[in-house]
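All remarks here apply to the structure that follows.
Just so you know, all these numbers are worked out from the coordinates, no wet-lab data involved. Since this is a predicted model, take the numbers as computed values, not measurements. Virtual Cβ from ideal backbone geometry, glycine too; neighbours counted across all protein chains shown.
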Amino acid sequence: MNIIEIKGLKKDYPLGATIVPALRGVDLEVGEGDFMSIIGPSGSGKTTLLNIIGCIDFATSGLVSVGGREITALNDRQITDIRLNKIGFIFQTFNLIPVLDVLENIEFPLLLMKRSAAEARKRAEKLVEEVGLKEYAAHRPAELSGGQRQRVAIARALVTNPDIVLADEPTANLDSVTGASILELMRRMNEIEKTTFIFSTHDANVLKYARRIVKIKDGLIEKEPVAA
Amino acid sequence: MKLILTIAWRNILRHKGKSLVIGVILFTGAFLMTVGNGVIAGMARGVEKNIIDGFMGDIVLMSDEQKSDNILLNMMGGSIEPVYTYKAIKEVLRAQPYVQKWLPAGKNLAMILNENDATPMALYLIGADLTAYREMFPDNFTVIEGTYPARAGRALLLPGFQRGEIYNYSNTWFMSETGGVVKEHLKKEALEELAALRVSSSIVLMGMASGINSTTDIRFPINGVIKYGALDQIFGHFAIVDLESYRECLGYLTAADMAAQVPQEEKKLLGLEGASLDSLFGEDMLAEAPKAAPVRAAAAPAAVSAEDGVYNVVFIKLKPGVNSGDALRRLNAALTAAGAKVRAVPWNKASGPIGGMALIIGGALFVFVMLLFSVAVIIIVNTLTMSALERAPELGMMRAVGAQKPFIAGMFLGETAILSSLFGGLGIALGVLAVRVIPLLKISTNNDMLQLLYGGNIFSPILSLSAIALTILQLAAVTVIAALYPMRVAARVTPLDAVTRD
């Protein structure tokens, strides 16, 4: 069963009087539980594609369905609800809330969902253990290394049991060893939580972790699928 | 809510510098607003208390013919119209359950005739039954020389302030009949020329009232010299005289005049006042006289009291807790129904420029405080907006992981609200403390304008619970207004900002 279905997706960015096409008509289907990598050079459109799938950017034209729901016609409140309930994000620069500690950062989406504080804390504690940061639970992001912060971001992305986790260049700011451990972790979480992972990268070393690879170039999917 | 407040509080601690700037502004604004409200309230209450309790009561009745409501410090020539219907008024007042007490009085201007040279001065007179006056306004002045008139008859209490003014103008120092010259009260210039000082224990007054063609020069003995307890430089223009002398001085018919037996023919003539003069010589005049004789014989002369005579105003005090607006409406309706030909006017209108000045000063203070808060709002808006823009990636990330716009806006409102509560609360608390401490310092003034601001001779700002509540509301309004634009800016941050601003 496909959790994401994209048909004829186009995205243009106006640059003064010029229109710069970022996606020129992407068709893509992603199955439930996939661990998929989108690869391509800088400016190829992979971040734009992830942003549109993640409901943080909007298509110029085409259809995008996430978890069986067409998202292109939804209003801001509905789109935000989808982000909260169905999607987890892992950003390149970790993007944690600086004034909250590790546990609080992880439980943040659950509290937005109006889950009880006790339930949120229990789930956050489970995840912080799974990502190996139990002893850092009370630390603020500024007190963690890059790799540790990304682990926190992974835990936060998974805390709501989303249908999909999107990660845009999750290893870009990490050294190779740490990057590898993060990908190992993502893969393990994919197996444990059965969550669909889609991550973008332009690092060839990352590819060995992906079960499915989608190559994008100049706004079009070039080669798909490639078995891992 | 807890989550919003937690993040807001930690952000305040994280951005200590900015928080402190906003906090100091809020503290200053709240402090000044609290003290300002205290000053305004103290001034309003002081003026109200001094005028109501000490000078004219809550409501003043005046003739329907009276053009201006201001009967306190009306200009020269603007005399107060006479009221002829006190007996009817009295019956109306007796029937009003909200009226505590009242005092009918005369109030007009008189000339001080200078016996040594030809330049007269003016003095306001309040003519009243002096016993009733003291009962109505028991604490409004102190007799500093002489005594309060205990006996009936011609009497005058001269305000010390006006005595000084008269001395400046006429070189004559007035003293009480019994007190002599009290050196401590002499003006410095008078003291320096003590040997040559011209003194007098009586004063010649000539009433000035419109519509009266004849007034009388009256020599008043000065029974006492008085000092008003508050606003002495304003009330100090008013001398208090006995009612009959007042009427005589102003050329009004006195009770004694009315009690005199007037032959019926003369009454008839008086009754023709204003009619055609030809009728005086008509046949009916001559023919009526014999017919009138049996009537005169049959009717006993009616008892005439001071209440039958002319007044200018009736000062009314309401019972405590009575709504003055409501009382005013009911009283006016009752007076109209009784055909009393007077209208009831609230004290603040009847006191004219004093009430007006108090309002103007109060308004100016309010505008000042509002101006201060406007500046505070601008600075807070600017600081918070900068903060929202600087934190765009963080806010965008929150939006990306599912925070709705109201959550982001609430976070900013929460930050401002916490700062307002802490610093504004501290400002209000210290303001309340200052308002409590200031009266203990007994800061006094003799300046007219400052007396208005102080609400009396001593600076006594006050703060009621409602005034504190008003300050809190104003602070809350400032908080919300100051947070509105930054909230809007913060809520407009998109999840994409979390990615693109990296």
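Taking 16 Å as the straight-line reach from the Cα of B:LYS67, the aspartates and glutamates in range (excluding those fewer than 8 positions away in the same chain) are B:GLU81.
If you take the Cα centroid of the range B:331-380 and the Cα centroid of the range B:171-208, the two points sit 39 Å apart. Looking at the range A:2-227 only, what percent of DSSP beta bridges run antiparallel? Nearest 5 please. Roughly 55 percent of the beta bridges in the range A:2-227 run antiparallel, per DSSP. Which of the lysines could a cross-linker bridge to B:LYS183, judged by Cα under 20 Å and excluding same-chain residues fewer than eight apart? Straight-distance partners of B:LYS183: B:LYS227. Between A:VAL177 and B:LEU191, the distance separating the two model label sites (each 7 Å from Cα on the Cα→Cβ line) works out to 9.6 nm.
The length gained by stretching the chain between B:LYS227 and B:ARG198 to full extension, at 0.36 nm per residue less their Cα-Cα distance, is 8.3 nm. Ordering B:TRP173, B:TRP9 by the number of other Cβ atoms within 10 Å of each residue's own Cβ, fewest first, gives B:TRP9, B:TRP173.
Charging the Cβ of each Asp and Glu at -1 and of each Lys and Arg at +1, and nothing else, the dipole of the range A:99-228 about its Cα centre rounds to 320 debye.
Amide H to amide H distances under 5 Å link B:LYS107 with B:GLY127, B:ASN312, B:VAL313, where only residues 5 or more positions off or on other chains count and H is placed in the peptide plane.
Set the Förster distance to 22 Å, then compute FRET efficiency between A:SER145 and B:GLU390 from the Cβ-Cβ distance, nearest 0.05. With a Förster radius of 22 Å, E is 0.35. Computed from point charges on the beta carbon alone (+1 for Lys and Arg, -1 for Asp and Glu), the dipole magnitude for the range A:2-227 about its Cα centre is near 140 Debye. Over the protein assembly as shown, the fraction of Cα-Cα pairs per 20 Å bin, rounded to whole percents and listed from the shortest bin up, is 14, 28, 17, 15, 16, 9, 1, 0. The mean count of C-beta atoms from other chains within 10 Å of the C-beta of residues in B:402-408, rounded to a whole number, is 5. Convex hull of alpha carbon positions in the range A:52-134: directionally averaged projected area 6.8 nm².
Potential lengthening of the chain between B:ARG219 and B:THR131 amounts to 29.5 nm, from the contour at 0.36 nm per residue minus the alpha-carbon distance. Of all beta bridges that DSSP places with both ends in the protein assembly as shown, some 65 percent have antiparallel geometry. In this structure, B:VAL182 and B:LEU440 have a Cβ-Cβ separation that, at R0 = 30 Å, corresponds to a calculated FRET efficiency of about 0.45. Estimated translational diffusion coefficient (Stokes-Einstein, Kirkwood radius over Cα pairs, 20 °C, 1.002 mPa s) of chain A: 120 µm² per second. The distance separating the Cα centre of the range B:94-134 from that of the range A:190-207 comes to 99 Å.
Which FRET efficiency value, to the nearest 0.05, do you get for A:LYS126 and B:TRP9 by plugging their Cβ-Cβ distance into 1/(1 + (r/R0)^6) with R0 = 25 Å? Calculated value: 0.35.
For A:LYS208, a cut-off of 12 angstrom between C-alpha atoms picks up these aspartates and glutamates, skipping any fewer than 8 places away in its own chain: A:GLU184.
If you take the square roots of the eigenvalues of the alpha-carbon gyration tensor of the range B:126-188 and sort them as a ≥ b ≥ c, do you get rounded (a/c under 1.5), prolate (a/b over b/c) or oblate? It is prolate, given that a/c is not under 1.5 and a/b is the larger ratio. One chain, two ends: B:LYS16 and B:ALA333. Fully extended at 0.36 nm per residue, the span grows by 107.8 nm beyond their Cα-Cα distance.
When the Gaussian network model of chain A links Cα atoms closer than 10 Å, the mean-square fluctuations of A:ILE216, A:ILE192, A:ILE87 top out at A:ILE192.
Loop-located trypsin sites (Lys or Arg not before Pro) across the range A:65-114 with a Cβ neighbour count of 11 or fewer within 10 Å are A:LYS114, with loop assigned by DSSP. Spacing of the modelled spin labels on B:LEU73 and B:ALA469, each 7 Å from Cα toward Cβ, amounts to 3.5 nm.
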